[in-house]
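All remarks here apply to the structure that follows.
No value in this document is a laboratory result; all are computed from the given coordinates. Everything quoted here is computed from the prediction, not taken from an experiment. Quick reminder, even Gly has a Cβ in these numbers, built from the backbone with ideal geometry, and neighbours come from all protein chains shown.
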4 protein chains.
Amino acid sequence: MKSSTGQCLELTLFGESHSASIGAILNGMPAGVPVDEAEIDRQMDKRRAKGNISTKRHEADRVIIESGIFNGYTTGTPIGLRIENTVQRSKDYEEAKFLPRPSHADYTAFLRYGGYQDYRGGGHFSGRLTAPIVAAGAICMQALARRGILIGSHIRTLHTLSDRPFSTDEALLRGEIAQMNDADIAVLDEAVRVQMIERMEAAAKAGDSVGGTVETAIVGLPGGIGEPFFGSVESRLSAFLFSIPAVKGVIFGAGDQMCAMYGSEANDPFYMKDGKVSTKTNHNGGINGGITNGMPVRFTTMIKPTPSIFLPQETVDLQTGEDAALQIHGRHDPAIIHRARVVLDSAAAIVMLDLLIERFGPEWVAEPKKEAFPWQNTD
Amino acid sequence: MKSSTGQCLELTLFGESHSASIGAILNGMPAGVPVDEAEIDRQMDKRRAKGNISTKRHEADRVIIESGIFNGYTTGTPIGLRIENTVQRSKDYEEAKFLPRPSHADYTAFLRYGGYQDYRGGGHFSGRLTAPIVAAGAICMQALARRGILIGSHIRTLHTLSDRPFSTDEALLRGEIAQMNDADIAVLDEAVRVQMIERMEAAAKAGDSVGGTVETAIVGLPGGIGEPFFGSVESRLSAFLFSIPAVKGVIFGAGDQMCAMYGSEANDPFYMKDGKVSTKTNHNGGINGGITNGMPVRFTTMIKPTPSIFLPQETVDLQTGEDAALQIHGRHDPAIIHRARVVLDSAAAIVMLDLLIERFGPEWVAEPKKEAFPWQNTD
Amino acid sequence: MKSSTGQCLELTLFGESHSASIGAILNGMPAGVPVDEAEIDRQMDKRRAKGNISTKRHEADRVIIESGIFNGYTTGTPIGLRIENTVQRSKDYEEAKFLPRPSHADYTAFLRYGGYQDYRGGGHFSGRLTAPIVAAGAICMQALARRGILIGSHIRTLHTLSDRPFSTDEALLRGEIAQMNDADIAVLDEAVRVQMIERMEAAAKAGDSVGGTVETAIVGLPGGIGEPFFGSVESRLSAFLFSIPAVKGVIFGAGDQMCAMYGSEANDPFYMKDGKVSTKTNHNGGINGGITNGMPVRFTTMIKPTPSIFLPQETVDLQTGEDAALQIHGRHDPAIIHRARVVLDSAAAIVMLDLLIERFGPEWVAEPKKEAFPWQNTD
Amino acid sequence: MKSSTGQCLELTLFGESHSASIGAILNGMPAGVPVDEAEIDRQMDKRRAKGNISTKRHEADRVIIESGIFNGYTTGTPIGLRIENTVQRSKDYEEAKFLPRPSHADYTAFLRYGGYQDYRGGGHFSGRLTAPIVAAGAICMQALARRGILIGSHIRTLHTLSDRPFSTDEALLRGEIAQMNDADIAVLDEAVRVQMIERMEAAAKAGDSVGGTVETAIVGLPGGIGEPFFGSVESRLSAFLFSIPAVKGVIFGAGDQMCAMYGSEANDPFYMKDGKVSTKTNHNGGINGGITNGMPVRFTTMIKPTPSIFLPQETVDLQTGEDAALQIHGRHDPAIIHRARVVLDSAAAIVMLDLLIERFGPEWVAEPKKEAFPWQNTD
């Protein structure tokens, strides 16, 4: 039943593609984090549908803060976030309700919920549910930024095209993250960016879709964050990442390349750098034994091509139990990777803030309002 | 603090490499599952150190069942599993306690636990903690097997060597799984198997280590298993898999290849086969929208080279804050991938049984003892 | 951070007395439960402020179903429930924000959230947050009623007045529950009911408040429900009951009287009655070892007098650290016990449904939609 | 399936009355708490069977620390605690396995586990499972004591006999707690103590049993501890307390008396005392809105008479479904209240330490080992 996650900071999602609203409850956010609502809008913008390379369903996706923020600060009690669904076109789905789209959750939700699932637009399994993740992530990022922790992603590959990887130098990496966070389509190499947009447009025109991989980096994390075994940074992050529709693989650091190295090549030697324990390489993506070592955390997420394509497909009719042809109508994305990157950033922000609260307690994130206790020592 | 995991079936690990015992509590196992203790031993054997290609630390690893099994059946209350540590050589670690091994948890555990961690042999982060996972998994597998669900793995790649993939035909796949479950070193292609052993031996001789990838398949799962978002099969499996030491990447189905396909190539068309909804390809690894679709579940796990190598390495001295040279002594594995596969099988068994209980309730797993209620209808 | 609870059926609350909305997410409700929205309204009515014996804040408290119910049935995915706050009068609280009301959460929330709490009307600690509990409970009760499980409460004592206890005969008890569920002020003895209303009105007139105890019964529960130790029916129920503002004590069965009995008097002898194992007395309130035995579950909840009274009180000024006089303004209840009983019923419904799902699986609650799978056997 | 509990500090129990061992995993204990094993023994002694007023089953109950404590300090990873069952006499139970003892878990466990439960000595539902709770609590108490937090209990009533209540003066209360913690039978009034022992001996002689109530106090807790709703101090404590066999009621502060007071009498006025916000009375038992207010936390636990008595009882034969006579053999307690008080103290210690970690983070409990990081600033 897990539409909720987190140990000290719990996120609970609700909503369906065509329900009245979608939203999230963020529970456990420490009190006293200043929240800039314009910054939430800015993050939501990154996820918004974009021109020819996105769905024609254009939702305003304005985030309504129902609770948990008061006078510009988090109160410490649950933050209610809600987004109205306003432009549903449910009839697109009515006629095909027994014709599951290949590679989509239509058939499996049908089995899981015994025929009672909301079949319109993917129901609870719709990519729309990532909107409240972004809203929650935008708040968490503001808490992290106060501690110098930055998160950013770029499209590492799109179909057969490749961007250059993030820099291994931490100072340069900070610059690249800032640049990506300002970009509309997050690609480091400008020429590749143009090619990627062309590839997405071509797929759209062909009624087809493309996928790719996204590289994400987190800088400024203290060492010693993460829990053993099922609470490892990799376990927590991957559990969240794999909950995002279309994600089919996650690699930390140079996990894929390390499999073909000798240990003597793969191991990241420790050395002192500017009075700080560092590693000369970062094949482990900033994580040893599931716990951060103070180097940038890096991971790559694999996103399959959007399953909703306009080309004719084969399916079965769940009412008759016979093979059937499927022609999808409606409004769909020829690629979601350029919209997904901010969802990945948000996932990383929520997971890392949770682990930081677990490690250091809520007052590491935000200190008590000193002026409210002028007459006493509050510890 | 998460050394425990699971929703309806909770596994809690305890122990350190050199503590008195290691073990696990398996809580939520339905009552009435017959448990064959010899089968637990058989699974433990697969994880056991093997000749030249494993650590010289040879533990008997006999599993003591402390509770939860009575007269050969699970009682429904927590199953206590314990394994004594008998052949610790703690002095190997005493001299190097402030010299963290690169790519190992030594340094990060030091930060995480503020200097109080048990530094001997990796403490709680040791690969030894996978022994109770195998013990718990062996019980879960017995429950799954009664329902026709089989799990198996093979070494898909070792360093630069590749085995052939598991068959795409379900009947053939069942045969391959059975074959791998009987094998000492699980490789499908006999010639490759010989080469892989040679490669591990060569690495051992050189004081170095190698890693690789393991392909795992689960057959016989009903469709409709898994929960939305953070409870997706992929989220639950990956959270467990990434908790296993040395795992750095997880891919479901052909997740990596799908990133370079068009949607029209990647989507798995549905069709009726023998009166059952099936898919013509299985790029999604049996999972759509996080929920099983009735096809075999398939995933690939990336395992980095064992970080403990005998070649000289660079590190820092945590007492002085200066660069230092490290020469590891002790007993270590030149590769763990051949021992890890049963850990991956066990992880899959524990996670899938948990999800099955959540979906169908405990009595799907084991029915009440009818002879105990001869006079009444117990529902 | 626990504004959420439940094992297989999770309830998460959000909102503050003066925030935009309050609400709840009910996650894990099995798919296929028919939901009558008029019945939700009917339950909400029982909680509504009543004439002279309640707050002058009259909220419409219309429940907006944001998600999770489709075509009159639960979908199996999270149910979003929202209630708008419409008639806040925040200025009542602005002037006294540093003058905590005795016995209320004002001071402790101030400490807990470091001065950032929403101090208006009790913030997240307001009794208003019980409204979404009632909304969620109303849905759960509909699921339980289909299985013949009924829940009801009456005011057992109010201040120094006592109602007669619920009947020990199960058939009579069912009648009393039905009667209480139709009553505006739930008291079995009509004469006592009149006296109790007079006592509440007198307290209101005096600017004071009264409390009392509520007796709750659940009939029709199967035996064998509940989990060992921290999952016992008593643990789960009490954890929920004590989360309801003003609850200060919980007794199961004749727990208080049993303390002064001998074991030979207190034990409930088993005997066969109509082919069913029953007990001759029910001092244990239908629960042995934390698990239901098939007899009615009974418990008594102690509710302290509403802390917000209009008589002058002593407090401290949190800005100056000096003693201060407090004169409360605003709109408050002279008693909440008559409104609280439906909250207790709701708590019991949510907890018991959770335990039933854990015990029997979701399909015990609602069966798959058979007409959707005419061509196949879905198990 | 909940034999585990806790948010940041998780306790998991395992074992059955006649299994090989019983024990607990305490997960989330901060690193760096010095643990005096003799103190664990001292607490275990308080729970031990005592002369004529306890079971004749005399277990050594030596606690084996399997993991999580190293060089006298907690390591921060799971603490494994195990106690061997050594003097089982299973045949006492074999003949009566289908004759459930009234008011015991025999019948309900039979239903819950479908006939597969370990019926010997109450199985997992045995009072023996409180031994690992005491072991875990003894460690938590050592952590709390370093912060000046003390916990103690006394027998408030036994059958019809009453001890005087704990003092309302905090300094006197500290003295009484210390005195009770040193006492073998914890009663404040020496004359009453003698009477109570006589009453227990008389019950034992009659083959009967007695119960009573225990008053527990916690002093030294900071204000602001506890979480809203389901994480309230009352919710967390009661959930744990009701998991202890024989507990049937829990009252916080003067919860029972407040029900018959006016709000103006019941409310605890705030005032400044020695520069600290205090309350003039403490009817709320140190908790407002579920969160501590800095006053002593006080609660009363109702413990029913031990259900295992030697007088003949009525039951049913679960094999034949017919009424039957029951004559219990074996070794049972005529009262457990004098042994239970240390279990209640332990429960309180585990719950409060969990809430303190959640509120302030693990380093509030124990600071990093400064000497291990002489060269660096570790934040």
Label point 7 Å beyond Cα along the C-beta direction, distances from B:Ala49 to other copies (nm, shortest first): 4.4, 6.1, 7.4
Karplus-derived 3J(HN,Hα), 6.51/-1.76/1.60, for each residue of region C:354-367, Hz, glycine and proline x: 4, 5, 5, 5, 4, 6, 10, x, x, 7, 5, 6, 8, 7
For A:59-69, mean number of other protein chain Cβ atoms within 10 Å: 4
Ascending list, in nanometres, of distances separating the D:Thr160 label from those of the other copies (7 Å, Cα toward Cβ): 2.6, 9.2, 9.5
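Take the alpha carbon atoms of the protein assembly as shown, find their radius of gyration, then divide it by 2.2 N^0.38 Å using N residues; give the quotient. Mind showing how you got there, number by number?
Values: Rg = 31.0 Å, N = 1516, 2.2 N^0.38 = 35.6 Å.
Compactness ratio reported: 0.87.
Can you compute the equivalent ellipsoid semi-axes for region A:1-149, i.e. the square root of 5 times each eigenvalue of the Cα gyration tensor, sorted largest first and rounded to whole Å?
Rounded to whole Å, the semi-axes are 31, 18, 13.
With each run of n ≥ 4 DSSP H residues scored as -39500 (n - 2.57), what mean residue ellipticity at 222 nm is computed for chain D after dividing by its residue count and rounding to the nearest 500 deg cm²/dmol?
Numbers: 11 runs with 112 residues, N = 379.
It lands at -8500 deg cm²/dmol.
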Residues of type lysines that C:Lys46 reaches as a straight line, Cα spacing below 18 Å, ignoring anything fewer than 8 places off in the same chain: C:Lys56
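Write down Rg/Rh for region D:4-372, rounded to two decimals, with Rg from the C-alpha atoms and Rh from the Kirkwood relation over Cα pairs.
Numbers: Rg = 21.1 Å, Rh = 21.5 Å.
Rg/Rh for region D:4-372 comes to 0.98.
At a Förster distance of 41 Å, what's the computed FRET efficiency of C:Thr160 paired with A:Ile64, Cβ-Cβ distance as r, to 0.05? Can you show the working numbers first?
Numbers: r = 47 Å, r/R0 = 1.16.
Efficiency at R0 = 41 Å is approximately 0.30.
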Calculated FRET efficiency for the pair B:Thr281/A:Ala202, C-beta based, R₀ 22 Å, to 0.05: 0.40
Chain A residue with Cβ closest to the axis mapping A onto D, distance in whole Å: A:Gly361, 1
Alpha-carbon centroid distance for the pair region C:320-357 / region B:155-183, whole angstrom: 60
Principal-axis tilt of helix A:190-205 within chain A, Cα atoms, nearest 10 degrees: 30
17 Å tail of the calculated P(r), region B:299-343, as % of Cα pairs: 51
Residue-wise HN-Hα coupling along region D:72-87, computed from phi with Karplus coefficients 6.51, -1.76, 1.60 (Hz; x: Gly, Pro): x, 10, 5, 8, x, 9, x, 8, x, 10, 9, 10, 7, 8, 10, 10
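Please average, across the residues of A:280-289, the number of beta carbons from any other chain that are within 10 Å of each residue's own beta carbon, and give a whole number.
Numbers: counts 2, 2, 0, 5, 7, 2, 1, 4, 13, 16.
What the average comes to for A:280-289 is 5.
Expressed as a rounded percentage, what relative contact order does chain D have, with Cα pairs under 8 Å and six or more residues apart? Please list the in-between numbers first.
Values: 755 pairs, mean separation 86.8, N = 379.
Worked out over chain D, it gives 23 percent.
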Pair C:Val194, A:Asp45: separation of 7 Å Cα→Cβ label points (nm): 7.0
For region C:165-173, 3J(HN,Hα) per residue [Karplus equation, 6.51 cos²θ - 1.76 cosθ + 1.60, θ = phi - 60°, Hz, x = Gly/Pro]: x, 4, 5, 8, 8, 5, 5, 4, 4
Label spacing, shortest first and in nm, from A:Glu367 to its equivalents in the remaining copies (7 angstrom along Cα→Cβ): 1.8, 6.4, 6.7
Under 16 Å from D:Lys304, Cα to Cα: aspartates and glutamates that are on another chain or at least 8 residues apart: C:Glu234, C:Asp256, C:Glu265, C:Asp268, D:Asp208, D:Glu215, D:Asp333
FRET efficiency, B:Ala171 to D:Lys56 (Cβ-Cβ, R0 60 Å, nearest 0.05): 0.45
Inter-label distance for A:Leu311 and C:Lys273, nm, one decimal - labels placed 7 Å from Cα along Cα-to-Cβ: 7.0
